[in-house]
Amino acid sequence: MNLASYRKKSPWILHYNAGGCNGCDIEILACLGPKYDIERFGMINTGNPKQSDILLVTGPVTKRSRERLVEIYAQMPEPKVVVSCGACACTGGVFRGMYNCEGGVDQYIPVDVYVCGCGTRPEQIIDGVVQALGILEQKTKAMEVSVRLQKEPLKEEGQINRRNIADQIKPALS
Ligand code: SF4
């Protein structure tokens, strides 16, 4: 089994409320309960961005929360997926145009999955997170390929062979 499969089977989620009314957050908590049981997908709700794969954001971005949102996103290791959960997180929702509302989450960080609704139903949240799992798998595979390409020299004639270049540079430097 490769890294993409491991990640897909046990993703860790970080939940952040950027300034919503808590309606969507209550629905997320319902997903964690025994009725909807999101942990059956191997997920766990963690409080540490450095250990998270999926960022689940609720509420509109406010002037007070925007720096924290960007900081949390920056602390998460690659590959990572962002799920915008609820009308407020997608567009600003009912808070759009207010003096302290900066709009949707995608104004500050890239969003991979948009989950609509006010508040979102647990089924919609689970659907969005399952979509996020597919995207996480694709991103993990893309990273594995790029790392392999960096390590493997191109062997065909007429193309750059990094190992040859390194062999040529080494004696010149010593
Ligand atoms: S989308 Fe609706 S329920 Fe969710 S945070 Fe905004 S106002 Fe509240």
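Each reported figure results from applying straightforward, stated rules to the coordinates on display, with no laboratory input. Just so it is clear, the model here is predicted, and its values are computed rather than measured. Cβ atoms come from the backbone with ideal geometry, glycine included; neighbour counts cover every protein chain shown.
Summary table
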| read-out | value |
| --- | --- |
| Hey, Ile26 touching a residue at least 60 places away in the same chain (Cβ under 8 Å) and either more than 25 Å from Lys139 (Cβ to Cβ) or crowded, with 23+ Cβ neighbours inside 10 Å (or both) or not | yes |
| Every residue from region 103-141 that is assigned to a loop (DSSP other than H, G, I, E, B) and either within 12 Å of the ligand (Cβ to nearest atom) or at positive phi (or both) | Gly104, Cys116, Gly117, Cys118, Gly119, Thr120, Arg121 |
| Residue that is farthest from Ile135 (Cα to Cα) [pool: residues in region 83-102 that are surrounded by 18 or more Cβ atoms within 10 Å (Cβ to Cβ) and more than 11 Å from the ligand (Cβ to nearest atom)] | Glu102 |
| Yes/no for Tyr36 being exposed (fewer than 13 other Cβ atoms within 10 Å of the Cβ) and either within 16 Å of the ligand (Cβ to nearest atom) or more than 29 Å from Tyr99 (Cβ to Cβ) (or both) | no |
| Conditions (1) more than 16 Å from the ligand (Cβ to nearest atom); (2) without any contact (Cβ under 8 Å) to a residue 24 or more places away in the chain; number of the one not met by Val70 | (2) |
